[in-house]
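Novice: Encoded as structure tokens, here's the structure I'll be asking about.
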Amino acid sequence: MAKPSPIFTCAECGAAHKKWTGRCDACGAWNSIAEEVPLAAGPGTRTLGAAKGRRIELSRLSAEETPPPRAASGLEEFDRVLGGGLVPASAILVGGDPGIGKSTLLLQAAASFARQGVSAIYVSGEEAAAQVRMRAQRLGLADAPVQLAAETDLRDILTTLDAARPGLAIIDSIQTMWADHVEAAPGSVSQVRAAAHELVSFAKRRGTAVILVGHVTKDGQIAGPRVVEHMVDTVLYFEGERGHQFRILRAVKNRFGPADEIGVFEMTGGGLSEVANPSELFLSERGQASPGSAVFAGIEGTRPVLTEIQALVAASPLGTPRRTVVGLDSGRLSTILAVLEARCGIPFAGLDVFLNVAGGMRVSEPAADLAVAAALLSAREDVALPPDMVVFGEISLSGALRPVGQTENRLKEAQKLGFSQAVAPDRSKIEGDGGIRVRKMPDLVTFVGEMFAA
Ligand code: TYD
Ligand code: MG
């Protein structure tokens, strides 16, 4: 047999290249490409057995074939992000930076599922069973009926899982797994892919829900979780700012529920505790009404979440003024600055602009545009916005305000938290006033005139 020619894969996104380059064309990452030995068809790769190629008509699926209902863990924030509980036979990836709290979260989730009667196995490839036990003790979960295994050999793990047939298996982490039929180091793209493939097909074959933990990596030696995103049903990322207690579990892909759903947790000495009302949390640090602050009534997944957008505008000593953004897309900031300049005649040239979402939250909705503009204008004019006001609306390049979805939910949440007025785009669909005064505006020029006219 001809010797397989080498391929070069990107450890960030898994893209294959014919030759080595310093930068991956597919995802733009630098220094992430390494030579990989192509996947050999080893003994472990033939697995489907009796079910091979079996067809069944959609309409003939009997009740037996349709999956049983979801299992809830009772950890409500976790269940919500999954789309309402754990779907049997599903494969879930939980990615996140090292040390963000993935192992803590999943051990807590395993214990919660186990207490609800879902048999759970937690396989750690990073810590010894005794260490996991110590962590469980610290979390007050020492008596939870979870089975532990400290193992990295994929064949052994599959044998164990096959014998135990658990309802849930957690693999912490996919980068430490080692499949002996693949000639590559653990953590390489081919190992991570092969291990994920085996575990996902085990999930489908045996009806076990499998959760894979993946560390987000900073260098090209170890494959990142993006390499297996396409193989799994659900992709969750666990994120948070260092120095903040808040952790956000975000669904970026979900075959069984809405994407963009978030669950909010707080890291405490006794593990992660759920935050039932994130708006309260994100606004809790808000002090007196000060220039540069605007409250955005946003929607994350199926839930309204209020966040504070903060801006600082100061004369710049630099030829090219700074544009620093935390928690928002920097391209969006540039667009809004350009619209303010071109349509409203308010220039930001020669001014440094700092923009921040308070509490370590990340906002990606276009509906945040108007709140960003409001914070920028308030900072630039040194005029505080009314403290009891929320703002939302998308800004188009013409300077017009476009209505956004779920207006009523946004207003209801704002009212619940004690806000009494809102600025929304004209044409927003609002039935009944919901006890909150809504000022509808057609465009940004009107907004500037009404809010900042001397
Ligand atoms: P861990 O779950 O090990 O992170 P990951 O698996 O994502 O690498 O969490 C590690 C961090 O969490 C560590 O910095 C300590 C902190 N932590 C707490 O603050 N309280 C706790 O009860 C536990 C278990 C961890
Ligand atoms: Mg860990």
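Novice: How many residues does the stretch 246-273 hold that are more than 16 Å from the chain's Cα centre (by Cα) and either closer than 22 Å to ILE299 by Cβ or crowded, with 16+ Cβ neighbours inside 10 Å (or both)?
Specialist: Of the residues in that region, 3 qualify.
Novice: A follow-up question, please. Can you confirm whether ALA110 is within 16 Å of ligand 1 (Cβ to nearest atom), hydrophobic (A, V, I, L, M, F, W, C) and at pLDDT below 90?
Specialist: On the way: within 16 Å of ligand 1 (Cβ to nearest atom): yes; hydrophobic (A, V, I, L, M, F, W, C): yes; at pLDDT below 90: no.
No, not satisfied.
Novice: Within the stretch 87-104, count every residue that is touching an Asp or Glu at 6+ places or on another chain (Cβ under 8 Å) and more than 16 Å from ligand 1 (Cβ to nearest atom).
Specialist: Looking only at that region, the number is 3.
Novice: Moving on to the next point. Which is hydrophobic (A, V, I, L, M, F, W, C), surrounded by fewer than 19 Cβ atoms within 10 Å (Cβ to Cβ), away from ligand 2 (no atom under 16 Å from the Cβ) and more than 25 Å from GLY271 (Cα to Cα), of ALA179, ALA144, ALA163?
Specialist: ALA163
Novice: Go through the stretch 283-313 and give me each residue that's modelled with pLDDT under 95 and farther than 19 Å from VAL423 by Cβ.
Specialist: Across the stretch 283-313, the qualifying residues are SER284, GLU285, GLY287, GLN288, GLU300, GLY301, THR302, ARG303.
Novice: While we're looking at this one, here's another question. For the stretch 219-241, what are the residues that are modelled with pLDDT under 90 and away from ligand 2 (no atom under 16 Å from the Cβ)?
Specialist: Correct list: ASP219, GLY220, GLN221, ALA223, ARG226, VAL227, GLU241.
Novice: What number of residues within the stretch 119-140 satisfy the criterion of being more than 10 Å from ligand 1 (Cβ to nearest atom) and in contact (Cβ under 8 Å) with a residue 60 or more places away in the chain?
Specialist: The number of residues fulfilling the criteria is 0.
Novice: Counting residues that are within 16 Å of ligand 1 (Cβ to nearest atom) and under 26 Å from the mean Cα position of the chain (by Cα), which strands (runs of 3 or more DSSP E) fully inside the stretch 145-245 reach at least 2?
Specialist: Ranges flagged: 168-172, 209-215, 234-239.
Novice: Give me the pairs, please: first residue somewhere in the stretch 171-195 and farther than 18 Å from ALA150 by Cβ, second residue anywhere and in a loop (DSSP other than H, G, I, E, B) and modelled with pLDDT of 90 or more, beta-carbon distance under 9 Å, and either six or more positions apart or on two chains.
Specialist: Taking only residues 6 or more apart or on different chains, the pairs are SER190/ALA179; GLN191/MET177; GLN191/ALA179; VAL192/MET177; ALA194/MET177; ALA194/ALA179.
Novice: Taking ALA349, is it under 24 Å from VAL325 (Cβ atoms), more than 31 Å from the chain's Cα centre (by Cα) and aliphatic (A, V, I, L, M)?
Specialist: Details: under 24 Å from VAL325 (Cβ atoms): yes; more than 31 Å from the chain's Cα centre (by Cα): yes; aliphatic (A, V, I, L, M): yes.
Judged against the criteria, ALA349 is a match.
Novice: Turning to a different aspect of this structure: Within the stretch 325-368, track down each residue that is small (Gly, Ala, Ser), in a loop (DSSP other than H, G, I, E, B) and in contact (Cβ under 8 Å) with a residue 24 or more places away in the chain.
Specialist: Taking the stretch 325-368 first, the residues small (Gly, Ala, Ser) are 327, 330-331, 334, 338, 342, 345, 349-350, 358-360, 364, 367-368.
Checking the rest, the ones that are also in a loop (DSSP other than H, G, I, E, B) come to 327, 345, 349-350, 364.
Those that are small (Gly, Ala, Ser), in a loop (DSSP other than H, G, I, E, B) and in contact (Cβ under 8 Å) with a residue 24 or more places away in the chain: GLY327, ALA349, GLY350, SER364.
Novice: Which one is surrounded by the most Cβ atoms within 10 Å (Cβ to Cβ), of the residues in the stretch 68-77 that are more than 16 Å from ligand 1 (Cβ to nearest atom) and part of a loop (DSSP other than H, G, I, E, B)?
Specialist: SER73
Novice: If I filter the stretch 78-101 down to residues being buried (at least 24 other Cβ atoms within 10 Å of the Cβ) and assigned to a helix (DSSP H, G or I), which single residue comes out as farthest from ligand 2 (Cβ to nearest atom)?
Specialist: The residue in question is VAL81.
The values are calculated or read from the model by the stated rules, or taken from the named source; none is laboratory data. Everything quoted here is computed from the prediction, not taken from an experiment. Glycine gets a Cβ as well: all are built from the backbone with ideal geometry, and neighbour counts include every protein chain shown.
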